[in-house]
Amino acid sequence: MGTPTQKKQGSQWKLLDCVSGLLFAAVFVFLVLVYTPLGDSFAASGRQSLALTIRDSKGREKILTAIEHGHPLEQCPQELEDHMPCEDPKRARFFSKDRNYYRERHCPPPSEKLLCLISPPKDYKSPVPWPESLHKIWYSNMPHSKIAERKGHQGWMKEQGSYFVFPGGGTMFTDGARQYIEKLETILPLNDGSMRTALDIGSGVASFGGYMLEKDVLTISFAPRDSHKAQIQFALERGIPAFVAMLGTHRLPFPSFGFDLAHCSRCLISFPSYNGSYFLEVDRLIRPGGYFVLSGPPVQWPKQESEWRSLQGLASNMCYQLLSVEGNTAIWQKPLNHSCLMKHKNAQVQLCNRKDDPNASWYVPLKSCVSRLPVSAKKAIPEDLTVPKWPKRLTYPTKRLSVVPHGDKAVLFQADIHRWERRVRFYKKALGLALGTSRTRNVMDMNAIFGGFAAALIGDPVWVMNVVPSSSLNTLPVIYDRGLVGVTHDWCEAFSTYPRTYDLIHVVDLKSLIMDRTGEKNRCSLVDVILEMDRILRPDGMVVIRDTPDTLEKLSKMMPAVRWTSNIYNSDIESSGKEKLLVANKSFWTPTA
């Protein structure tokens with residue numbers, strides 16, 4: 001039998017063993033949660049539980065009502081400063097990697113939408129003004145060094161003191177985009193106005209698009225949110241038109257036959273794969289007679305001879321003319337019509353069904369067929385989509401105005417041009433908006449219709465992302481025929497861009513963007529749209545909303561909730577009191593610790 005002292009020591013050892021065991025278990029669980037996917041699953045479930053307890057339908061409605069009455073919103077956690085709701089890597093991990101589906105749009109349900117303000121980085125500064133921003137931006141505005149570390153030797157970008165600087169290089173043009181473009185223009189008509197709109201696929205930090213502006217060619221650069229994290233964010237901070245997108249399983253949100261040029265520099269897309277659906281999607285976007293430039297693999301690339309032959313065969317079957325192959329760069333020209341394709345019918349390449357709408361793109365799956373040119377109602381033959389050279393095409397009444405169901409299309413179009421010229425003059429003189437100044441570079445029109453607002457700004461040092469709501473009349477082809485750019489989007493979902501990427505947001509009839517087709521019910525809340533506008537607007541940015549007096553009064557009550565200051569003004573004379581203007585400024589606030 002042990003002594004009382006031995007019993008006491010035994011009890012102490014048992015207690016120490018228990019404490020040590022619990023500590024070891026805690027450390028083990030911590031390591032599992034931090035370093036394995038299980039931890040992400042637990043975190044996701046935890047966030048979902050929090051969302052359900054705080055944002056259940058009744059709780060969420062209470063919060064929305066409070067915001068509508070101007071109750072101040074708290075800032076989101078600082079780690080969400082670059083949050084993109086529909087391109088969230090934490091959400092993407094639950095979707096298939098087949099064909100990069102996980103990198104496409106996957107939006108949270110209404111119950112999980114954030115009801116807080118996205119914070120800027122702690123040392124955020126007013127962006128470097130254009131055109132200086134083409135060459136350098138503040139490091140503190142997006143302190144992500146991964147691209148500079150990985151691609152600095154290729155001339156993409158480098159860290160230099162308090163700036164990121166952009167030498168203008170790329171993986172396939174390390175000597176600079178300007179020199180690369182000079183080589184292309186020995187084949188492409190870049191100087192006579194026949195080329196105006198371009199698409200840069202897998203663009204990196206968009207130096208190609210930035211330097212194409214010297215040719216008066218407006219390029220939309222796009223790339224997914226991937227391991228480089230901030231490439232499109234860098235592009236927009238530089239003041240270059242850019243958009244987050246992935247060529248995976250769905251059509252891109254652009255209209256058919258809208259681009260004079262499609263460009264891919266080492267975008268690493270296997271164009272012949274999946275029955276050629278990627279190449280066929282690019283074909284859908286290129287204007288008849290337009291061009292496709294592929295620089296990098298598989299063009300005369302070691303160990304990719306088979307794919308290079310397959311791509312050449314596919315392009316030939318689609319009647320594309322190979323204009324040039326120099327080194328690893330190939331240039332094709334698209335045929336003007338379907339006559340060659342019909343003459344040399346090929347089982348592998350067929351025209352799409354006549355019921356297919358080539359302009360339908362919002363969550364529309366990719367097709368393995370050639371998009372048909374629109375057909376003239378009178379002659380039942382494909383329409384000639386030729387437009388005048390730039391800048392005459394800006395005011396040219398394109399044939400694709402036929403989308404307008406009633407009235408004299410040309411008269412309506414000309415009236416829209418003059419209306420927006422008057423309105424923009426009013427904006428500048430009566431409202432004192434910072435248009436035409438270094439303060440404003442990236443502009444968005446949330447409900448663009450014919451792009452009249454953007455057209456009226458053509459002489460200013462801005463670019464405009466024209467957005468045509470997916471629920472409205474699809475006038476995006478008209479916008480592209482004018483030599484402007486934009487996308488289709490549903491404003492009940494988050495836009496595919498990073499936070500703090502636009503200087504000015506303009507919208508006409510904001511409430512119509514959330515209504516169903518009956519015009520009687522809302523598909524989502526105006527609060528969600530205002531919060532999304534706040535997310536993508538730069539600090540000290542401006543918002544101009546043209547709407548009915550009743551709608552603007554409701555919106556003005558929300559302004560304190562998002563830390564905006566606002567005023568309501570009478571509109572120009574033509575509105576006859578039916579419309580007013582709300583002009584708001586997003587405050588430049590510093591996040592708290």
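The values are calculated or read from the model by the stated rules, or taken from the named source; none is laboratory data. Everything numeric in this text was worked out from a predicted model, so none of it was measured. No Cβ is skipped: glycine too gets one built from the backbone with ideal geometry, and neighbour counts run over all protein chains shown. Accessible surface is based on the protein model in full, side chains and every heavy atom, while ligands, DNA and RNA are left aside. Shrake-Rupley method; radii C 1.70, N 1.55, O 1.52, S 1.80 Å.
Listed cross-link partners Lys125/Lys557; Lys62/Lys554; Lys334/Lys355 are compared with a 19 Å cut-off, the Cα-Cα value being larger for Lys125/Lys557; Lys334/Lys355. Taking every C-alpha pair closer than 8 Å and separated by at least 6 residues, the mean separation divided by the residue count of the chain gives a relative contact order of 13 percent. Descending by average beta-carbon neighbour count within 10 Å, the peptides 335-348, 250-263 line up as 250-263, 335-348, the highest first. Among the protein heavy atoms of the chain, carbon and sulfur supply 55% of the accessible surface, probe 1.4 Å, non-protein parts ignored. I'd like the accessible area for Glu421: 1.4 Å probe, protein heavy atoms, all chains in place, Å² to the nearest 10. Approximately 80 Å² of Glu421 is accessible to the 1.4 Å probe. Between segment 462-522 and segment 312-335, the alpha-carbon centres lie 35 Å apart. Think of each Lys and Arg Cβ as +1 and each Asp and Glu Cβ as -1; about the Cα centre, that makes the dipole of segment 295-346 roughly 240 debye. Over the chain, dividing the summed -39,500 (n - 2.57) contributions of all DSSP H runs of at least 4 residues by the number of residues returns a 222 nm mean residue ellipticity of -9000 deg cm²/dmol. Normalised by residue count, the chain yields a Cα convex hull volume of 211 Å³ per residue.
Mean sequence separation of contacting Cα pairs (under 8 Å, at least six apart), scaled by the length of segment 281-363, corresponds to a relative contact order of 32 percent.
Within the full protein context, the accessible area of Met246 is estimated at about 30 Å² for a probe radius of 1.4 Å. Within segment 284-338, which trypsin sites (Lys or Arg not before Pro) sit in a loop by DSSP and count at most 14 neighbouring Cβ atoms inside 10 Å? Loop-located and lightly packed - Lys303. Based on the alpha-carbon gyration tensor of segment 65-223 and its eigenvalue square roots a ≥ b ≥ c, which shape applies: rounded if a/c is under 1.5, prolate if not and a/b is larger than b/c, or oblate? It is prolate, given that a/c is not under 1.5 and a/b is the larger ratio.
Protein-only accessible surface at a 1.4 angstrom probe places the residues Tyr274, Tyr139 in the order Tyr274, Tyr139, largest first. Accessible surface area normalised per residue over segment 272-349 is 46 Å², counting heavy atoms of protein chains with a 1.4 Å rolling probe.
Under the criterion of Cα pairs below 8 Å and six or more residues apart, the relative contact order for segment 99-217 equals 16 percent. For Lys151, the accessible surface of its heavy atoms amounts to roughly 40 Å² (probe 1.4 Å, protein chains only, rounded to the nearest 10).
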